[in-house]
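The values are calculated or read from the model by the stated rules, or taken from the named source; none is laboratory data. A quick note: this is a predicted structure, and the numbers were derived from the prediction, not measured. Every residue, glycine among them, receives a Cβ derived from its backbone with ideal geometry; neighbour counts consider all protein chains shown.
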Amino acid sequence: MKLKLTCKEFISVNHYMNYRAVGRRVMAYKPKETKGFENRFGAYVKEEMKKQGWIKPDKGFIVMETTFYFPRVDQDCQNYFKSMCDIMTDVGVWQDDNIVMEKVNRIYYDNKNPRIEIEIYPSEVIGIFDNEEEYIKFKYNCEKCKRFKRNCSIHNKAIESRIQDEIVKEKDRWICKKFNSI
């Protein structure tokens, strides 16, 4: 399951918000240009989700691969993820953008057709494990441990991507130092 999008207009995080002084406070607000971009890009993403049959993943990380075609050489891609990810969160591509792993494949310069090509798909990563096979091997051993039967916090944290001293990778296997055989 992949979602392919093309963002033909884009707003840098540098221009995403404006600020004005109100008394002694500074207030942030979205300018008209930002709101317009959010509406247009959000509607486009919703339409493409329906057309491509995208179903919001209920767990795990999501990969967002991008190829940038900038109109000028003085632009940098880091400034564009925030606005796109916020919009895609709002329209339901994913639950929260804290699970999105952004990846830039290439940067080109094309002043005739500037755009960002985006490909979104669920990651194979499961917690600290690179793929399902690694996780299944680890879990197989976990199931033979007394801690696993009691809802092991080490196992739970590992599938939440939390690094722990109790789990180490040796050669091609993950080992739990707290393993206690049943």
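The set of residues in the stretch 1-23 that are polar (S, T, N, Q) and either assigned to a loop (DSSP other than H, G, I, E, B) or on the phi > 0 side of the Ramachandran plot (or both) contains only S12. From the set of residues in the stretch 121-135 that are under 16 Å from the mean Cα position of the chain (by Cα) and outside any loop (DSSP other than H, G, I, E, B), which is farthest from E48 (Cα to Cα)? Top of the filtered list is I126. For R147, the conditions (1) out of contact with any Lys or Arg (no Cβ under 6 Å at 6 or more places or on another chain); (2) more than 20 Å from F61 (Cα to Cα); (3) in the same structural domain as T66 (by TED's automatic domain parsing) are fulfilled apart from (3).
Residues being surrounded by 18 or more Cβ atoms within 10 Å (Cβ to Cβ) and touching a helix residue (DSSP H, G or I) at 6+ places or on another chain (Cβ under 6 Å): count how many of those fall in the stretch 103-126. Number satisfying all stated conditions: 1. Taken over the stretch 76-109, the criterion of being among the hydrophobic types (A, V, I, L, M, F, W, C), more than 15 Å from the chain's Cα centre (by Cα) and at pLDDT 95 or above is satisfied by I107 alone. The residue of the stretch 24-54 that is nearest to D90 (Cα to Cα), among those that are at pLDDT 95 or above and outside any helix (DSSP H, G or I), is W54. Return yes or no: is K112 in a loop (DSSP other than H, G, I, E, B), more than 25 Å from the chain's Cα centre (by Cα) and without any contact (Cβ under 8 Å) to a residue 40 or more places away in the chain? Yes: the conditions hold for K112.
Taking each residue of the stretch 124-144 that is under 11 Å from R173 (Cα atoms) and looking for partners that are modelled with pLDDT under 90 with beta-carbon atoms closer than 7 Å, six or more apart or interchain, yields K137/R173; N141/F179.
Please verify whether K8 is among the basic types (K, R) and farther than 23 Å from N105 by Cβ, treating the condition exactly as stated. Here the answer is no, as K8 does not meet what is asked. Whether a residue is on the phi < 0 side of the Ramachandran plot, assigned to a loop (DSSP other than H, G, I, E, B) and not polar (S, T, N, Q) was assessed, and I118 does not pass this test. Taking each residue of the stretch 6-35 that is under 27 Å from E65 (Cα atoms) and looking for partners that are aromatic (F, W, Y) and at pLDDT 80 or above with beta-carbon atoms closer than 7 Å, six or more apart or interchain, yields C7/F41; E9/F37; F10/Y80; I11/F37; S12/Y80. Here T66 clears all of (1) of a type in the set (S, T, N, Q); (2) part of a helix (DSSP H, G or I); (3) under 14 Å from the mean Cα position of the chain (by Cα) except the condition numbered (2).
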